[in-house]
1. I'd like to know which of Ile40, Asn24, Leu64 lies farthest towards the positive end of the charge dipole of the range 6-80, counting +1 on Cβ of Lys and Arg and -1 on Cβ of Asp and Glu.
2. Of the listed pairs Lys3/Lys72; Lys25/Lys45; Lys22/Lys44; Lys22/Lys82; Lys25/Lys83, which have alpha-carbon separations greater than 26 Å here?
3. Please list, or write none, the aspartates and glutamates whose alpha carbon is within less than 14 Å of the alpha carbon of Lys67, excluding same-chain residues fewer than 8 places away.
4. Please give the helix 58-69 orientation as an angle from the longest Cα principal axis of the chain, in degrees from 0 to 90, rounded to the nearest 10.
5. Read through the labelled values (i) -0.33, -0.57, -1.28; (ii) -0.78, -0.89, -1.23; (iii) -0.28, -0.52, -1.38 and report the label of the one computed as log10 I(q)/I(0) by the Debye sum over Cα atoms at q = 0.12, 0.16, 0.25 Å⁻¹ from the structure.
6. Let's see if you can work this out: charge +1 on each Lys and Arg Cβ, -1 on each Asp and Glu Cβ, no other charges. What is the dipole magnitude of the chain about its Cα centre, in debye to the nearest 20?
7. Taking the highest mean first, how do the peptides 24-30, 52-58, 68-74, 35-41 order by number of other beta carbon atoms within 10 angstrom per residue?
8. In nanometres, what is the gap between the two model label sites at Lys45 and Arg6, each 7 Å from Cα along Cα-to-Cβ?
Amino acid sequence: MEKETRIAQIGIIVEDMEVVEKFNKLLHEYGSYIIGRMGIPYPKKNISIISVVLNAEQDIISTLAGKLGMLKGVSVKTMYSKK
């Protein structure tokens, strides 16, 4: 029996550019669930705003969001589709 998946968007603000390598490694590990990713650098404030859209099981989405949020200087919020 196939587990139910959900569509989610993880909104991320990276304020510490030293974590970018770890950040990208995590996204690569979960790449098979990622539908799309958009990053907007904002040099004036030395931050990056990133949006990652996934189709995955609830626990996978939560795990990725949690791992990203534990990185130094990274803020994360997750939104889920109602469908």
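Here, each number is a calculation from the coordinates, and none is a lab measurement. This is a predicted model, so every value here is computed, not measured. Methodologically, a virtual Cβ is constructed for each residue, glycine included, from the backbone with ideal geometry; neighbour enumeration extends over all protein chains shown.
1. Ile40
2. Distance filter (> 26 Å) returns Lys3/Lys72; Lys22/Lys82; Lys25/Lys83.
3. Those aspartates and glutamates meeting the cut-off are Glu21, Glu29, Asp59.
4. 10 degrees
5. Identified label for the calculated read-out: (i).
6. Dipole magnitude for the chain comes out near 280 debye.
7. Most protected by this proxy first, the peptides run 52-58, 68-74, 24-30, 35-41.
8. Result for the modelled spin labels: 2.7 nm.
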